[in-house]
Amino acid sequence: MAAKEKVKVICLGDSAVGKSKLVERYLKDNYKPQQLSTYALTLFKHVDTVDDRQVELELWDTAGQERFQSMHSAYYHGAQACILVFDVSRKITYKNLTSWYKELRKYRPKIPVICVANKIDKDPDMAGKSFKFATANNIEMFFASAADGSNVVKIFREAIRLALHYKENTEEYEDHVLEELRLHSPDENDFDYEPEAEDS
């Protein structure tokens, strides 16, 4: 069997917009969250199949750190796609997308972004509306509900698809360096022993 391809996708947005609920809905019971306590982050690992390719997804969630309106730089490091979430029932969370997007671009200038209008079950009339933030930044827009599952799997699989495409076509120097290190790093079980000197 071919080795799984690996991608890192991050979630951004204000506190309580439903990022963690979207993640949990997508993963259902097939996940084991790993707490990265140093940075107050949660990392989920999950295998999915997208376009007949088996992909190992690293999905990073903010674990409440977003309440400080800024994320640690480690959160962005090596990310290949971003899911940017706001709550359709709280206008301020939409307004704050601009600052989240600005911070993202500071660390990851070119990675693909998906914008998610979450909690659409609370206000179905919002579905299908055009949002200036998404159109102005040429970002794909999805309407979702973590409560009833609307579009949730579709969003994460599209993020994986975009991350794979970015990874294969990136021009960012950092990504080339990381990929070279990954390709040329020795297997952890492949010890390179020095030959023993013969007794004279």
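Every number in this text was worked out from the coordinates using simple rules, so none of it is lab data. Small disclaimer: the values here were computed from a predicted structure and weren't measured. Note: ideal-geometry Cβ built from the backbone for every residue, glycine included; neighbour counts use all protein chains shown.
What the table below lists for this structure:
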read-out: Under the Karplus curve 6.51 cos²θ - 1.76 cosθ + 1.60, θ = phi - 60°, whole-Hz ³J(HN,Hα) for the range 98-110, x wherever Gly or Pro sits; value: 4, 6, 5, 5, 4, 5, 4, 5, 5, 9, 10, x, 10
read-out: Contact order relative to length of the range 5-169, as percent, for alpha carbon pairs under 8 angstrom and 6 or more apart; value: 27 percent
read-out: Of Lys95/Lys119; Lys8/Lys28; Lys19/Lys106; Lys8/Lys132, those spanning more than 23 Å from alpha-carbon to alpha-carbon; value: Lys8/Lys132
read-out: Derived scalar couplings ³J(HN,Hα) [the range 71-85; Karplus, 6.51 cos²θ - 1.76 cosθ + 1.60; whole Hz; x for Gly, Pro]; value: 10, 5, 4, 4, 4, 7, 4, x, 5, 10, 6, 9, 10, 9, 10
read-out: Other-chain or far-sequence residues with amide H under 5 Å of Val50's (modelled H); value: Val55
read-out: Net charge of Cβ neighbours under 11 Å - reference Ile114; Lys, Arg +1; Asp, Glu -1; value: +1
